[in-house]
Each structure stands twice: as structure tokens, then as C-alpha cells.
Ligand SMILES: [Fe+2]
Ligand SMILES: [Fe+2]
């Protein structure tokens, strides 16, 4: 199987997606920002025209239009299927942690090996995105070692697309996340497709608070299932000593309605509000760390291994 990790697409931001090229080809995001359509050639998973084997602006423009449709279809599937029942089922299944046993670094390598380097439009292997984000933060916040490690691990949950992890469809792995069990905020990308989600009509789930209460804390809120919530569960259940802000970043880094649009603030408790400040810091680097400077993995590996050793057990259950 080939898994392609690539830069995304959207109006609002976030993560994904190009349709599978063949049956078993899967495509993921690298967590970058959606630029203007006219900038897609250089910004959105396509190499700049002069460096793209096929490149010219006409082709890129067509690709951009096609890509937009694919993203919309992605969100349609996502918004239809992410229900309270679905999230409960996935959390129950993946909380078992009975899939694989490996270290954090081994997971970085696993995610890296599933990049299809034969795709000329493909940018960097996923580990480059992880390390570029981590190294950029390290430069600006040298004393926050927990934040460096948080950056390294934030997308590891994307292994959910791998056969050993259930080979989940993309709509259950990447893309923006949002709470389930209360009303879907208007700021969520492609909001109209929630009208096809059964929870939209459930009076228990379709009010401002739904099953939650004022200031209940995001810890107690279910969010749509994807790589964020999965990695959060893995870290927590394996007894990480990362501070709460680190776990908060891992769990909510795709929750754009919160950290970009400022929605759902009524569900946050005081600790969440503190963590949100760090999420805002982190998010800038997640989106914009795509310096094309390639990180020398072997050079920085000892530093990250020391952090892994500090905050995680040598082997984790996944
Ligand atoms: Fe990312
Ligand atoms: Fe992500």
C-alpha cells in the first residue's frame, strides 16, 4: 500500500487531501494553510512551476479547481459521518491500544515510510513537517522542551490510515475537527453538510450546550474523530508526563472553529483558556513552518530522542 502525505487545501486552513490515485493510495495533509487559489501552484502541495516536473500555471489552475471539489467532497463525508455514536465507538475501539507496540521515534519512521515519493507533486516526507515545526518552535522558544516534543508528535495519529491501525478513511483521520454532542458552529468549514448528519436533528445534541454545560472543560467534550484525538489518547493512556498544554495542543490542533474562529469558548474552563494560548503559539508554526529547508534528521535525532525519553516510556501501546 502507498500512503501519500501531502499539503492541503482549504478555504479556512487545515488539513488534507487529494483523492486516492489508485485503490490503495491514500493521501493526507501536512497541516498547512490554504492559500489563495492563484497561489496554489507554489503553496499547496505543488512544487513551484519551475521545479514541478509537469508544471505550468494552466495545469496548476485546473488542479486547484479539481482539488477544491475533492476537498468539498471530503468534508461532506466527514460532516455526515462524525456523530456522537461514531466518536464514542472510535474512542472505545482505539482506547484498547491493542494494535501495535512501538516507540515514539519508531512511529515517526513509520509515518515517514508511507510517503509515496513517486508523486512529483509531493513535497516533503511527513517527518520533515514534524521536525520543521519542532525546530522552528525550538528556535523561538528554546526553553520549552515539552513544546518541541509536542510538535514532533502532533501528527503521529495519522498512522490511522495504515493497515495495522484499521486503515481508516481520510474523513476519519484528517481535516478540521469540531465538538459533537452540541450544535455545529457556523464557522466550521462547509457547515451546510451537517444537514445530512443525524445529530443535526437530535434535540439532545443540537443546542448551544447540547450534552455539555458552561465551562465544563474540553476534557469532557467529545470532538470529531481523527489523528488528533487518537494521538491524545495514545499519549495519555501510555502515561506521558507532557504538561496539559501539550496534550491540549495534540488534541485540538485541528479544531479551527476554536483556535481560529473563537467559537465554543463557553465550554472552556480556566485551564483550557491557559492552554489555548499555547495552542495559538503552536498553530502558527504548524501552518507556516514550511520552510523548504530540509532538516537533517540524523543531526537532530539525539535531541528528540532525549525528549522522548524524558516524557514517554520507551515503548508505547498504540
Ligand atoms: Fe501538522
Ligand atoms: Fe495535524
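The values are calculated or read from the model by the stated rules, or taken from the named source; none is laboratory data. Small disclaimer: the values here were computed from a predicted structure and weren't measured. Cβ atoms come from the backbone with ideal geometry, glycine included; neighbour counts cover every protein chain shown.
The table that follows gives values for the structure above.
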item	result
Of all residues in the stretch 158-181 being closer than 22 Å to residue 213 by Cβ and away from ligand 1 (no atom under 16 Å from the Cβ), the one that is surrounded by the fewest Cβ atoms within 10 Å (Cβ to Cβ)	181
Some residue of the stretch 294-310 being in a loop (DSSP other than H, G, I, E, B) and in contact with a helix residue (DSSP H, G or I) (Cβ under 8 Å, 6 or more places away or on another chain)	yes
Test for residue 249: is it part of a loop (DSSP other than H, G, I, E, B), within 16 Å of ligand 1 (Cβ to nearest atom) and surrounded by 14 or more Cβ atoms within 10 Å (Cβ to Cβ)	no
Checklist (1) at pLDDT below 95; (2) on the phi > 0 side of the Ramachandran plot applied to residue 97, failing item	(1)
For residue 211: the one exception among (1) within 21 Å of the chain's Cα centre (by Cα); (2) outside any helix (DSSP H, G or I); (3) under 25 Å from residue 79 (Cβ atoms)	(1)
Residue satisfying all of: in the stretch 217-238; in contact with a strand residue (DSSP E or B) (Cβ under 9 Å, 6 or more places away or on another chain) and away from ligand 2 (no atom under 15 Å from the Cβ); nearest to residue 312 (Cα to Cα) among these	238
Qualifying positions in the stretch 161-190 - outside any loop (DSSP other than H, G, I, E, B), over 17 Å from residue 71 (Cα atoms) and touching a helix residue (DSSP H, G or I) at 6+ places or on another chain (Cβ under 6 Å)	165
Residue list for the stretch 273-284, filter: surrounded by fewer than 23 Cβ atoms within 10 Å (Cβ to Cβ) and touching a residue at least 40 places away in the same chain (Cβ under 8 Å)	278, 281
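Okay, residues lined up against (1) touching a residue at least 60 places away in the same chain (Cβ under 8 Å); (2) away from ligand 1 (no atom under 16 Å from the Cβ):
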| position | (1), (2) |
| --- | --- |
| 156 | yes, no |
| 183 | no, yes |
| 189 | yes, yes |
| 198 | yes, yes |
| 227 | yes, no |
